[in-house]
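Let me begin by presenting the structure, written as structure tokens, before commenting on it.
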Amino acid sequence: MKDDKKADQAAAVDMIDGLIDYASKHGLKSRDLAKTLIAATKDGLEGVDPLFKDGGLERKSVEDLATGYLVDRYHLAGDELAAKHEALVKEALALLRQHPEAFDKWVK
């Protein structure tokens, strides 16, 4: 099945929107939430765990969103799902790094 780049990007945006929303509602007080998340995720999505101090709850939620999207959209499983999952998470974090102001505007 051919990748749907537009749908993939929309899923990536949803993932970051969820992180921003969670951060704004769970005690992260910052005018630049996106920059705070960028710093936390410089080595990967696991960086939000110590930031949110929620035992990985929000990270798992974002990962579940990615997995659910890939299974529903492309019917993936196993190694192929794992590879595409990692790529989608990286794409989402890259979008955050490329457009931090756009994500912060959604909170303000």
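The values are calculated or read from the model by the stated rules, or taken from the named source; none is laboratory data. Keep in mind the model is a prediction, meaning the values are calculated, not measured. Here the Cβ positions follow ideal geometry from the backbone for every residue, glycine too, while neighbour counts run over all protein chains shown.
Observations on the model:
- Checking Leu88, Leu93 one by one, the residue that is in contact with a helix residue (DSSP H, G or I) (Cβ under 6 Å, 6 or more places away or on another chain), in a helix (DSSP H, G or I) and aliphatic (A, V, I, L, M) is Leu88 and no other.
- The stretch 52-69 - residue that is in a helix (DSSP H, G or I) and in contact (Cβ under 8 Å) with a residue 24 or more places away in the chain and, of those, farthest from Ala7 (Cα to Cα): Phe52
- Residue among Asp49, Asp14 that is outside any loop (DSSP other than H, G, I, E, B), at pLDDT 95 or above, acidic (Asp, Glu) and over 14 Å from Ala92 (Cβ atoms): Asp49
- Ile38 aliphatic (A, V, I, L, M), touching a residue at least 12 places away in the same chain (Cβ under 8 Å) and touching a Pro at 6+ places or on another chain (Cβ under 7 Å): yes
- If the condition is being without any contact (Cβ under 8 Å) to a residue 24 or more places away in the chain and part of a helix (DSSP H, G or I), then the stretch 24-35 contributes only Lys25.
- Note on the stretch 70-81: residues that are assigned to a helix (DSSP H, G or I) and either crowded, with 16+ Cβ neighbours inside 10 Å or touching a strand residue (DSSP E or B) at 6+ places or on another chain (Cβ under 6 Å) (or both) total 3.
- Residue among Asp43, Asp21 that is more than 13 Å from the chain's Cα centre (by Cα) and either free of Cβ contacts under 8 Å to residues at least 24 places away in the same chain or under 21 Å from Leu88 (Cα atoms) (or both): Asp43
- Only one of the numbered conditions (1) assigned to a helix (DSSP H, G or I); (2) modelled with pLDDT of 95 or more is violated by Lys42, and that is (1).
Quick grid of which residues meet (1) touching a Lys or Arg at 6+ places or on another chain (Cβ under 6 Å); (2) within 17 Å of Val13 (Cα to Cα):
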site	(1), (2)
Ile38	yes, yes
Gly47	no, no
Pro50	no, no
Gly55	no, no
Ala66	no, yes
Gly78	no, no
Ala83	no, no
Pro100	yes, yes
